[in-house]
Amino acid sequence: MERKKSSGESVKDTEYGTVKYEDELASSWKFWKKRRYVVGVLAFLGFFTSYILRVNLSVAIVAMTAKIEKVDANGDPYFQREFDWDSRTQGIVLSSFFYGYISTQLLGGWLGARIGGKRVFGLGIAATAFFTIITPPLARISVYILIVLRIIEGICEGVTYPCIQAIWAQWAPPLERSKLATLAFSGSFFGTVFAMPVAGLMAEHLGWSSVFYIFGAAGLVWFFFWWIIVKDRPEDDPWMSKAELEYIKSSLGASEKKERISHPWKAILTSPPVWAIVAAHFSENWGFYTMLTQLPTFMNDILDFKLDKTGYLSALPYLAMTLVVQFSGHLADYLRTKKILTTTQVRKLFNCGAFVFQTIFMTCTAFILTPAGVVICITIAVGLGGFAWSGFGVNYLDIAPKQASVLMGIGNTIATLPGVISPILTGYIVQNKSPAEWRTVFIIASAIYLVGAVIYGLYASGEKQSWADDERAEEEPKKSYDNPAMEIDHL
């Protein structure tokens, strides 16, 4: 309940304690005065950067392996490829990033919990940007050097998703987790929206190497701002207002941060809600990575689109996902705050509903195979994944806030397997570039979505698990995030 103290200071009683706030801050529309949203925006730009560094090769490889008309000594035209790679080699090149990416997921979560998510997140992306800049000259030497380079980039970028959970564990009030987390995650999808058409244009008009030079430089610029602005904890931010700091700390249950966090590994690895999230994460990533790595090639093979047009149309699904994930995050927190649905109900409804519709539209894509039909179905199928991210993507923080970075590390390790398997499997399936071969690729993705929906619907939970607290936290009263009594909406 909101009330006024005798001094005129505004306070509000919540399930997290009595919180003070200032009228100026409460009514402000300027997001930069709310430091948790500054962190959210910069995290958004970080994921944006990480994905333009990841997606660049998916578009550039079309130009790298395209036939170039040349003239021989007799003046007769002939065609030659700068990189004469068959579909299997291309599949290995595209999947090589994920060989490294899968290896540092758990490490990223562990490091984020111990030395701070800011450092791990920033340095991981900065290193990836540097290796992206040196890609063109090394790729021309040998395809094997390119594969090794992409593996190293994957190792560096593999820490990003897990360690961001360590940042939100310190910065995100429970009733704002969905919108803050999805704000950051949507940077990945917007990065894809940006990278596909822009990379296509650059490859067409400036040469494929420009994609790596420009995107890599952009990553280093982002790192500079991230490093000087973002802090690991709210109390370390010199621009943080007292009111916002009190709100965040009270919401999270203000207590001294324990220097070392213990992880109950047996409980984590035998928890059905953990594996429900992992299964959903795997399912969403299978469809997402299949489209991310193969959509430009599919549109070139089946729809016969030129590279610049392919980039624009390939970006449409991720534009839809960027918009949907923002909407779904706000809607999820609204339903929880107003007690219309519990956290468990919100997570299951958003996640399973998205997967069912993704199954339907991905299956439709397999059989329609007309330009307009394919673009519409894939856009809807991928776009609806935004609702799923407001389900499983935030669920790690629901069930175990202090363990969330490690849980994300475990989940994203397994959820990265599609990035390794799917491009190689597609390369073996699509030998003749026929519609029937691509139909098989889409049907596999549809089936995996459906299995993920069933597992998540049966075993997921939005409640904090009994094993989620360390010994110190267990001494404090347990808070239920499924019963959001009141939120300071103005902050």
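Tally Lys/Arg at +1 and Asp/Glu at -1 over every other residue whose Cβ is under 12 Å from the Cβ of T182; what's the total?
Residues near T182 contribute 0 overall.
All other residues with a Cβ under 11 Å from the Cβ of E157 taken together, and with Lys, Arg as +1 and Asp, Glu as -1, what is their net charge?
+1
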Open item on the list: Eigenvalues of the Cα gyration tensor times 5, then square-rooted: what semi-axes does that give for the range 290-421, in whole angstrom, largest first?
Closed with: 31, 17, 12
TODO: Using θ = phi - 60° and the Karplus relation 6.51 cos²θ - 1.76 cosθ + 1.60, list the HN-Hα couplings for the range 39-54 in order, rounded to whole Hz, with x at every Gly or Pro.
DONE: 4, x, 5, 5, 5, 4, 5, x, 5, 4, 5, 4, 7, 5, 6, 8
Open item on the list: Can you work out the Karplus-derived ³J(HN,Hα) for every residue in the range 334-343? Use 6.51 cos²θ - 1.76 cosθ + 1.60 with θ = phi - 60°, whole Hz, and x for glycine or proline.
Closed with: 5, 5, 6, 4, 7, 6, 6, 9, 6, 4
- [ ] Could you tell me the accessible area of Y334 in Å² (1.4 Å probe, neighbours in place), rounded to the nearest ten?
- [x] 120 Å²
Task: Cα principal axis extents for the range 138-223, largest first, Å - done: 50, 27, 19
TODO: Any chance you could look up the accessible area of V41 with a 1.4 Å probe, heavy atoms only, rounded to 10 Å²?
DONE: 50 Å²
Open item on the list: Given the whole protein assembly as supplied and a 1.4 Å probe, what does the accessible area of F367 come to in Å², nearest 10?
Closed with: 130 Å²
- [ ] Select from G391, N432, A404 the residue farthest towards the positive end of the dipole of the range 367-479; place +1 on Cβ of Lys and Arg, -1 on Cβ of Asp and Glu, and compute about the Cα centre.
- [x] N432
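In the structure shown, do any of K33/K464; K34/K348; K34/K249; K34/K464; K179/K339; K34/K118 have a Cα-Cα gap over 20 Å, and if so which?
Going by Cα-Cα distance, K33/K464; K34/K348; K34/K464 fall outside the 20 Å limit.
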TODO: May I ask which residue of L123, P174, A184 lies farthest towards the positive end of the charge dipole of the range 110-203, with charges of +1 (Lys, Arg) and -1 (Asp, Glu) on Cβ and the Cα centre as origin?
DONE: P174
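What length, rounded to one decimal in nm, is gained on full extension from A66 through to E463, with 0.36 nm per residue of separation minus their alpha-carbon distance? Spell out each step's value before the answer.
Numbers: separation 397, 0.36 × 397 = 142.92 nm, distance 5.18 nm.
Net length gain for the segment: 137.7 nm.
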TODO: Count charges around N412 for me, please; just the other residues with Cβ under 15 Å from its Cβ, Lys/Arg as +1, Asp/Glu as -1.
DONE: -1
Task: Hypothetical label at V221: residues of the range 128-170 whose amide nitrogen lies under 20 Å (7 Å Cα-Cβ projection) - done: 128-136
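The values are calculated or read from the model by the stated rules, or taken from the named source; none is laboratory data. Computed from a predicted model, the values in this text were never measured in an experiment. Reconstructed Cβ throughout: ideal geometry from the backbone, glycine too, with neighbour counts over all protein chains shown. Heads up: the accessible areas ignore ligands, DNA and RNA and are worked out on the full protein's heavy atoms, side chains in. Shrake-Rupley method; radii C 1.70, N 1.55, O 1.52, S 1.80 Å.
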